[in-house]
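Below is one structure, written out as structure tokens, with a few remarks after it.
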Amino acid sequence: MGSLDTSVPFRVFRCPKCKEFINTTMSQCRFCGSPVVASAAKAAVEVQTKLNAVCFDASYVMVFALGMVLASPFALGYLFPFDQLRGVIVFGLCFLAVPFLTIRSLWRIKTIDRPDEPAIRRAKPTLQRALAIWIVMIAVLVVIGIARMTSR
Ligand SMILES: [Zn+2]
């Protein structure tokens, strides 16, 4: 089987042999010349799609983690108490987004099962850091909550 059938859409993926980026319209890799097999190309495209999604999530998860930290004094009413609702909304969205993006990405990383992939090695510490900030934030909220209850 030399060329791909037309049911495979045009997608970019890494050559399984030389790891250069090629696409599904090629019958052989233009870098190393190894034949592109439809099933292998399809599997590689799936991995590449997941990798792209992980990179996308990792690039946004820190924005939400920092957004959560920055919104917390507003949400708690320490800054601009007259505008507390807006702070609560921003904080709430960030607070939900961090674990959602992190767990989704860590699950994708698990299903890709390629820990040595450079994109994964870059994304994973970012995801873990964002999750750590999220956990610290919960601890801070619990402490503040207890302090407020006992001072009443
Ligand atoms: Zn190749």
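The values are calculated or read from the model by the stated rules, or taken from the named source; none is laboratory data. This is a predicted model, so every value here is computed, not measured. We place every Cβ from the backbone using ideal geometry, glycine too, and count neighbours over all the protein chains shown.
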Taking the stretch 100-152 and keeping residues closer than 17 Å to LEU76 by Cα and not in a helix (DSSP H, G or I) leaves ARG152
Testing LEU51 on (1) surrounded by 14 or more Cβ atoms within 10 Å (Cβ to Cβ); (2) within 16 Å of the ligand (Cβ to nearest atom), one condition comes back false. Which one is that? (2)
Could you list, in sequence order, all residues of the stretch 73-124 that are under 11 Å from ASP57 (Cβ atoms) and touching a residue at least 24 places away in the same chain (Cβ under 8 Å)? ALA97, VAL98, LEU101, THR102, ARG104, SER105, ARG108, ILE109, ALA123
Quick one: which of ALA41, ALA71, ALA65, ALA58 is within 16 Å of the ligand (Cβ to nearest atom) and part of a helix (DSSP H, G or I)? ALA41
Answer from GLU20, GLU46 - the residue that is away from the ligand (no atom under 16 Å from the Cβ) and in contact with a strand residue (DSSP E or B) (Cβ under 9 Å, 6 or more places away or on another chain): GLU46
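Of all residues being aromatic (Phe, Trp, Tyr) and either at pLDDT below 90 or not in a loop (DSSP other than H, G, I, E, B) (or both) in the stretch 1-38, which is surrounded by the fewest Cβ atoms within 10 Å (Cβ to Cβ)? Just the residue, please.
So the first thing to find is which residues in the stretch 1-38 are aromatic (Phe, Trp, Tyr), and the list is 10, 13, 21, 31.
Retained after the next criterion (residues that are either at pLDDT below 90 or not in a loop (DSSP other than H, G, I, E, B) (or both)): 10, 13, 21.
Working: PHE10: 8, PHE13: 21, PHE21: 10.
Selected residue: PHE10.
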